[in-house]
1. Note down the accessible area of TYR199, probe 1.4 Å, to the nearest 10 Å².
2. Counting only protein heavy atoms and a 1.4 Å probe, tell me what percentage of the range 1-159's accessible area is made up of carbon and sulfur.
3. With a 1.4 Å probe and every protein chain kept in, tell me what percent of the accessible surface of the range 190-239 is carbon plus sulfur.
4. What length, rounded to one decimal in nm, is gained on full extension from ASP82 through to PHE125, with 0.36 nm per residue of separation minus their alpha-carbon distance?
5. So what does MET221 come to for accessible area, using a 1.4 Å probe and Å² rounded to 10?
6. Can you pull the accessible area of GLU113 for me, 1.4 Å probe, Å² to the nearest 10?
7. Anything over 21 Å Cα to Cα? Flag those among LYS100/LYS121; LYS83/LYS170; LYS23/LYS83; LYS23/LYS45; LYS5/LYS132; LYS23/LYS121, in the order listed.
8. Which entry in (i) 0.97; (ii) 1.09; (iii) 1.21 is this structure's computed Cα Rg over 2.2 N^0.38 Å?
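The values are calculated or read from the model by the stated rules, or taken from the named source; none is laboratory data. Computed from a prediction, not measured in an experiment: that's the story for all the values here. Accessible surface is based on the protein model in full, side chains and every heavy atom, while ligands, DNA and RNA are left aside. Shrake-Rupley method; radii C 1.70, N 1.55, O 1.52, S 1.80 Å.
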Amino acid sequence: MIANKVALVTGGSRGIGRAICLKLAEAGYTVIICSRTADPNNLEKGAYEVKNTIEAAGGSALICRADISLENERQALYDFVDKECGRLDLLVNNAGIEPKQGTALDMPPEVIEQVFDTNLKGPYFLTQHFGKRMIEWKESGAIENGCIITITSVQAGMAARSGVAYKMGKAALSMAMQCFATQLGEYGIPVFEIRPGVYPTDMCLPHAENVEKTYFPKFLMKRWGNCDEIGDLCVYMGSGKMDYATGQIIEISGGWTVPRL
């Protein structure tokens, strides 16, 4: 069993997930980088770049290639954590997709299924599995506490004509995490939700011009988010200093949704 704390970050190969991995490693965690596209032949970007960056800074990282939308690959991930680490102190559900979706009136069933499989069912079943295991590990003394963080989106609470499957999936995931918080609180395991706004990731950058023109005027802080800000928040949530705030939704969007006159 690994002696120091272990964190699993899904979608840890790029963007927000990459920043979370680097910050957790800096804080002393052994980080499991979960990515469906992990390629050992690609050292310039992706999971192996993140691992090498962590190790070059003196940290510890492992890679598990898994597509969390698939039940058999989720099972392989569970087995990997048990075999390689023997514990999990922090789960960060970060992986998500946002394909072209159409509007509410013309959304095809296959798009909803694709988005829900990754953005809702994947993190739901990971939380279900590792929530149970954290209870066991805590009761056996393998871990001191345990913590689950789920990255949703500010879009979980914002309606629009397009992107409906993504918004529905994130909204449903938000409620799922509230439900997990009510049950895991009995065991002293906090569950948090982080709702990012717009960040310079592969998902947002293709729309950079429209984001800056349309959305920046609505922000209180007139800038893109910094992925490190979410990484720092995950470190603090995992530290135990926020446990009494379990079940809370922390929006980190530059004040996008603040009601104002």
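1. 10 Å²
2. Accessible surface attributable to carbon and sulfur in the range 1-159 totals 48 percent.
3. Details: 1420 of 2560 Å².
Roughly 55 percent, rounded to a whole number.
4. Difference between extended and current length: 13.9 nm.
5. 110 Å²
6. 110 Å²
7. Numbers: LYS100/LYS121 19 Å; LYS83/LYS170 31 Å; LYS23/LYS83 24 Å; LYS23/LYS45 17 Å; LYS5/LYS132 18 Å; LYS23/LYS121 26 Å.
Beyond 21 Å: LYS83/LYS170; LYS23/LYS83; LYS23/LYS121.
8. (i)
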